[in-house]
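First up is the structure itself, then whatever we jot down about it.
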Amino acid sequence: MVIRKKSEQIKKQILDFLFEGPKSINEIKEKLGSNWPTINSYLEKLKEEGRVNEILITDKMKIYRRTDDPIYYSLPFNKDIRMKTLYILSEIEKRWKKKKGVELSKTALQKLAVDVIRTCKLNLPILNFHYGMTTCASLDSTNENIMDLIEEPKEKKVIIDCIGEVISDKNHTGIAYQEREYQYKKYKMSFYSSKEKLTKLFMIQKNKTNKEFKEELKKSLLNLSLNYPIKLEKFYDEFEKFVGNVQIILSKEDSKDLEGLEIIKGTLTQLWDKITTFTSFQDSEEFIDKDKKQLFGQIRELNYNFKELNYKTYIEELESLAQEIDPFKINMPQGEMSNEVQKLILEGLENE
Amino acid sequence: MMRYFLDMNLPIYFCMQIGHSLEKKAKLFIENKNDSFFLLCDYIVSRNLPRWLKRQKVILFEFNQKIQDQSYNLFSSEQSKILFQKDKIFANRLLLSYNQSKDKKQFVENINQIFNLLQARISYFIKNYIDEVVIPESKIDFKLKSCLFTWLRNDSDVRTIASAIQEHSNKKLTIITADKKDWTNELLKEVHNDTRLSKDYPSLPKIEYLQNYLPKSH
């Protein structure tokens, strides 16, 4: 009985330490003042229980994390960042419920927390995630193991004041899609706004004729292209490839059906995921301590490769669908304006 | 069976739709392919055309950025470093046309559609009309290239013509181009002023100009 209790204590110590971020066996053994085989055996037990897993395995080391790690991608932010972010999230959730009498959606919670971080000018990461700006953590208030570990920061008073101010902002409705729209408008995130419109269009597709839907989809895609941000120019080729192929599929004149709609949707999702994974890591990087930069880089590479693989499958399918269409059967836009553009292209051909 | 070696401009003229005289000739030439063999050199397929298409994409990117945000500093993107001066003039002229257009929304829709369609048409053209891609770029005869460069100071033209001459020495071909100014029989003959090159390439391809093309009656 005594031995079992001790074993549980050690496991708890390991889990508490992993709450501060992913760690190697060496880091854990040093923290707990134990040896490698002992720690390794406890980690194996915790792994069997589904409470930890390896985030990274190389020839030389294994890095472990809690399976309920609240930090996105289990990025190795320091304890201070983790604690403050989780504190803000938990306080907003508590205070919103108290004031409004209803639960706050996960999306809304993130949007309010971003406003708090900005209003308080707190030095905490804000990530450009797939649904807009978020904190670096996701709060599950039903997880007592995590909630018990959250400590009050020294900026408590300032944070609480800010939360009060943000919750009082009537534009915060607590409803996910309205919260996204409000954030995109407030922070002039036109690329996200365009993507939101596109997503909405897919949702109301059934209420429209195929022709109407195709025309609106073309326009929404153009809108997305026009709002493509310069800071993402690294992905412009891929983005343009996606848009170009979709425009060809949608312009097929002898087809009234919505061919390839699922592939179009899937490719957009994967591309968006790939781009926003990049922005999330980019936004996180400056907040990673020097000694964790290497681990951060390894996690980033793993995620990039995974997203790339997902995206590749879809874009290849989209491309092959577009390649089945004879683009010479699709007319170039007619009229003086279009002729002028084409003439300019031909003039540029000289001395090519 | 005729083997035609195509200059890069020909597919681009073929992909346009404005009724330009060379566009009409290119369409006539391609549509009367019959049993002729169409060749493009590897340099055009793997490098020059993709590079040209990439520059068109960047021009469109710059255009879209500028019309969305007037404060955007044109050509400040990293990728715009690949643009030539003439591309920048082109982008500025597009913006000028846009500013003068009455229906700006339509102009933007059209320009994006034209650029997208152009890319798709060129890829389709290569896949469906080109019978063979010849002379890997790395195999272009350096001496031949240097000789041509003495007379023609355009690296792309030099690589393309050198590829044509080399392929002609494997199997006879005819060059087809719209460039009457630089692609001349006189230029090709300069190759024979070099002893080694005249031995390596005793026969030189004929050049036909798109402007003079008339379909053969069958």
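Bear in mind that the values in this text are calculations on the coordinates, not laboratory data. Here the structure is a predicted model, which is why all the values come from computation and not from measurement. Cβ: placed from backbone, ideal geometry, glycine included. Neighbour counts: every protein chain shown.
Summary of computed values
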quantity: Violating pairs (Cα-Cα greater than 30 angstrom) within the set A:Lys45/A:Lys98; A:Lys186/B:Lys66; A:Lys45/A:Lys154; A:Lys94/A:Lys307; A:Lys252/B:Lys127; calculated: A:Lys45/A:Lys98; A:Lys45/A:Lys154; A:Lys94/A:Lys307
quantity: CD proxy at 222 nm, helix term only [per DSSP H run n ≥ 4: -39500 (n - 2.57); per residue of chain A; nearest 500]; calculated: -20500 deg cm²/dmol
quantity: Two-decimal ratio, the protein assembly as shown, of alpha-carbon radius of gyration to 2.2 N^0.38 Å; calculated: 1.25
quantity: Cα-Cα over 32 Å, subset of A:Lys100/A:Lys157; A:Lys241/B:Lys180; A:Lys29/A:Lys121; calculated: A:Lys241/B:Lys180; A:Lys29/A:Lys121
quantity: Degrees, to the nearest 10: A:176-186 long Cα axis against longest axis of chain A; calculated: 70 degrees
quantity: Alpha-carbon centroids, segment B:127-143 and segment A:75-92: separation in whole Å; calculated: 59 Å
quantity: Relative contact order [Cα under 8 Å, 6+ residues apart], chain B, whole percent; calculated: 29 percent
quantity: Chain A, relative contact order [Cα under 8 Å, separation at least 6], %; calculated: 15 percent
quantity: Simple label model, 7 Å out from Cα along Cβ direction - A:Glu285 to B:Gln106, nm; calculated: 4.5 nm
quantity: Euclidean distance between Cα centres, segment B:57-97 to segment A:197-212, Å; calculated: 33 Å
quantity: Per chain A, cysteines lacking a partner by the 4.7 Å Cβ criterion; calculated: A:Cys136
quantity: In sequence order, calculated HN-Hα J values of segment A:55-69 (Karplus, 6.51, -1.76, 1.60; Hz; x Gly/Pro); calculated: 8, 8, 10, 10, 4, 8, 7, 10, 10, 10, 9, 6, 6, 9, 4
quantity: For chain A, built as a Gaussian network whose Cα springs stay under 10 Å, the top-fluctuating residue of A:Thr277, A:Thr209, A:Thr85; calculated: A:Thr209
quantity: Dimensionless Rg/Rh of segment A:189-336 - Kirkwood Rh, Rg from C-alpha atoms; calculated: 1.04
quantity: Chain B: most fluctuating residue of B:Glu186, B:Glu62, B:Glu167 per GNM, C-alpha cutoff 10 Å; calculated: B:Glu186
quantity: Quotient of Cα Rg and 2.2 N^0.38 Å for segment B:1-108, N being how many residues it contains; calculated: 1.35
quantity: Estimated inter-spin distance, A:Asn310 and A:Lys197, nm [label 7 Å along Cα→Cβ]; calculated: 2.6 nm
quantity: Degrees separating the helix A:336-348 axis from the principal Cα axis of chain A, which is the longest one; calculated: 80 degrees
quantity: The protein assembly as shown: antiparallel DSSP beta bridges as a percent of all, rounded to 5; calculated: 45 percent
quantity: Inter-site label distance for A:Ile204 and B:Met1 at 7 Å from Cα along Cβ, in nm; calculated: 5.7 nm
quantity: Environment charge at B:Ala162 (Cβ cut-off 9 Å; Lys +1, Arg +1, Asp -1, Glu -1); calculated: +1
quantity: For chain B, radius of gyration divided by Kirkwood radius, i.e. Rg to Rh on alpha-carbons; calculated: 1.02
quantity: Among the listed pairs A:Lys197/B:Lys81; A:Lys197/B:Lys105; B:Lys57/B:Lys104; A:Lys188/B:Lys104; A:Lys111/A:Lys195; B:Lys86/B:Lys206, those beyond 25 Å (Cα-Cα); calculated: A:Lys197/B:Lys81; B:Lys86/B:Lys206
quantity: Förster radius 45 Å - calculated FRET efficiency between B:Lys143 and B:Asn34, Cβ distance, rounded to 0.05; calculated: 0.80
quantity: Sites matching trypsin sites (Lys or Arg not before Pro) across segment A:214-280 that sit in DSSP coil, with at most 11 neighbouring C-beta atoms within 10 Å; calculated: A:Lys256
quantity: HN-Hα J in Hz across segment A:137-144 - Karplus 6.51, -1.76, 1.60, θ = phi - 60°, x for Gly and Pro; calculated: 10, 10, 9, 10, 6, 7, 8, 5
quantity: Between helix A:106-120 and chain A: long-axis angle, C-alpha atoms, 0 to 90°, nearest 10; calculated: 80 degrees
quantity: Distance from segment B:16-34 to segment A:100-125 (C-alpha centre basis), Å; calculated: 61 Å
quantity: Ratio of Rg to Rh over segment A:3-48 (Cα coordinates, Kirkwood Rh, two decimals); calculated: 0.92
quantity: Gaussian network model of chain A, Cα within-10 Å springs - most flexible of A:Gly297, A:Gly101, A:Gly335; calculated: A:Gly335
quantity: Loop-exposed trypsin sites (Lys or Arg not before Pro) per DSSP, neighbour cap 15 Cβ within 10 angstrom, longest uninterrupted part of chain B; calculated: B:34-101
quantity: Segment A:208-276: relative contact order as a whole-number percent, Cα under 8 Å and 6+ apart; calculated: 43 percent
quantity: Formal net charge of residues neighbouring B:Phe149 (Cβ-Cβ distance under 13 Å; K, R +1; D, E -1); calculated: -2
